[in-house]
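Reading through the structure tokens given below for one structure.
Bear in mind these aren't lab numbers, they're just calculated from the coordinates by the rules spelled out. Predicted, not measured: the structure shown is a model, and the values here were computed from it. Backbone-built Cβ (ideal geometry, glycine too); neighbour counts: all protein chains shown.
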Amino acid sequence: MTPDAPGASSQASSFALRLIGWSLGLFGLFRLPWVGAHVFLPATQLQAVAGAALLGPSTLPIEATLACSGADALALCLAAIAAYPAGWRSRAGGAAAGVVAIAALNILRIGTLGRAAASPAWFYALHVYVWPLGLTLAIGGIVFTWMRAADAHPSWGGTASGRTRTVEEIAQPPLPTIVSLRFALAAAGTLALFTLASPLYLESRIVLGLAVMVARAAAFLLRGAGVDATAAAGVLATPGGAFLVTQECIATPLIPIYVAAVFVSARGWRRVAFWTAAGLPLFVALGIARLLVVAVPAGLDHPPAFLVHAFSQIALAVCLVCVAARWRYGPGARSYTRAAAGLLAAVLFIRLLGAPYTTAVLRFDLVPFADDQGALRFLPAFQFGLFLALWVAAFIPSGWTRFLAGASLLVAIQIAVGAGVQLLVVHAGMAPLVRDIRAWALVGPLLIIAAVVHIAPAHR
């Protein structure tokens with residue numbers, strides 16, 4: 001075994017730790033009632049006035065509240081800038097530019113939402129899909145551009161360490177195609193197009209026809225397994241309840257990610273065309289498999305319906321574990337064995353220790369939060385299970401000291417997140433969206449692993 005390179009990988013770990021700390025601190029600061037009432041609410045009202053002056057008055061009366069402030073986007077942007085190893089003069093300039101850019105985007109956001117208020121479909125698409133994605137991409141662009149500028153101009157303050165990078169820091173091991181910068185950019189582009197097109201497929205009769213077909217196929221398979229199931233007009237009825245299958249149920253965000261992977265990985269237009277066309281039956285099959293979850297285990301009066309909602313989250317977690325094992329050990333039986341061992345460890349932890357672990361971590365009353373899908377209640381056990389699976393699949397050589405450090409950090413963050421959600425719900429009247437909880441469920445363990453281990457070559 002060759003030793004881990006101590007240079008850029010350690011700086012990446014330090015950056016990840018600082019990013020987590022700054023993010024939690026700024027999110028908490030911006031959510032304080034006094035800050036919201038005296039800083040963000042007046043700023044949001046001024047932005048609403050500016051948006052109306054720029055794009056015209058709202059077609060229907062709408063109220064600009066703290067939910068329209070863009071405080072979360074600003075906190076994330078400032079946290080990334082503050083955590084990056086650059087001089088304070090450079091960070092101050094980047095923070096100022098980020099504040100101005102996000103404020104300008106928020107003015108456009110409020111203005112466009114006002115103009116679209118008369119159309120519920122467009123207002124919903126812009127408010128829930130288009131603008132959240134646009135702000136996220138904008139934050140990435142702002143931070144990436146500032147980082148490049150800070151690295152290119154040492155006179156602005158240089159790096160925090162104030163030293164020249166070594167050869168080991170520059171010569172990083174090559175990443176597999178699926179986690180390359182090219183794939184990240186392709187996935188961002190396809191996700192943006194997928195979001196922009198949401199009003200089309202969410203109201204499409206063709207997509208609705210596919211949803212009805214998925215419901216009927218699931219009912220057919222369930223009947224073959226001995227479950228009393230019927231499907232009519234897109235409603236799947238089982239002994240455990242009825243489930244309406246709509247366009248939104250089969251239009252998973254995994255589709256644009258799959259398309260990006262095809263265009264990045266496939267060689268030649270014939271392979272691109274083949275794998276793109278293969279995506280239709282693949283995602284129809286995934287939609288059917290998602291509905292089959294309602295019968296696991298069959299015969300229960302209350303089947304685990306929350307697994308239907310969490311299907312994409314769980315499927316993506318399985319893919320992450322498999323990719324991590326393949327990255328670490330390369331193609332072959334060893335990577336498959338490691339991935340299987342990691343997934344088995346995660347399942348055993350969730351089944352045997354998930355409930356007491358969740359009770360220990362979420363020590364706050366969750367009654368005020370309407371967790372209808374069980375996303376927040378499932379978050380602690382799922383995150384620790386994913387962290388454990390990734391570690392077993394790819395990072396055991398990094399040592400148990402780092403594992404314990406990462407596990408401790410994860411527990412601390414989960415306690416802070418649980419307490420923060422309660423403070424938001426009780427004192428600010430605000431609650432996180434389910435999709436944000438599910439996204440954090442996947443991103444959290446990845447950030448923590450990046451913070452406590454060094455990036456190692458794929459072959460050991």
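What to note about this one:
- Segment 265-287 and segment 73-137 have Cα centres lying 34 Å from one another.
- Centre-to-centre, using Cα atoms only, segment 47-65 and segment 189-254 are separated by 37 Å.
- Ranked by how many other Cβ atoms sit within 10 Å of their own Cβ, fewest first, the residues ARG216, ARG267 fall in the order ARG267, ARG216.
- Note, ³J(HN,Hα) from phi for segment 93-104, Karplus 6.51, -1.76, 1.60, rounded to Hz, x at Gly and Pro: x, x, 5, 4, 5, x, 4, 5, 5, 5, 4, 5
- With θ taken as phi - 60° and the Karplus curve 6.51 cos²θ - 1.76 cosθ + 1.60 applied, the whole-hertz 3J(HN,Hα) list for segment 42-52 is x, 5, 5, 5, 5, 5, 5, 4, 5, x, 5 Hz, x standing for glycine and proline.
- For segment 275-291, the Karplus equation 6.51 cos²θ - 1.76 cosθ + 1.60, evaluated at θ = phi - 60°, returns couplings of 6, 5, 5, 5, x, 4, x, 4, 7, 5, 5, 5, x, 5, 4, 4, 6 Hz by residue, with Gly and Pro reported as x.
- Residue exposure proxy: PHE378, PHE311, ordered by other Cβ atoms within 10 angstrom of their Cβ from fewest to most, comes out as PHE311, PHE378.
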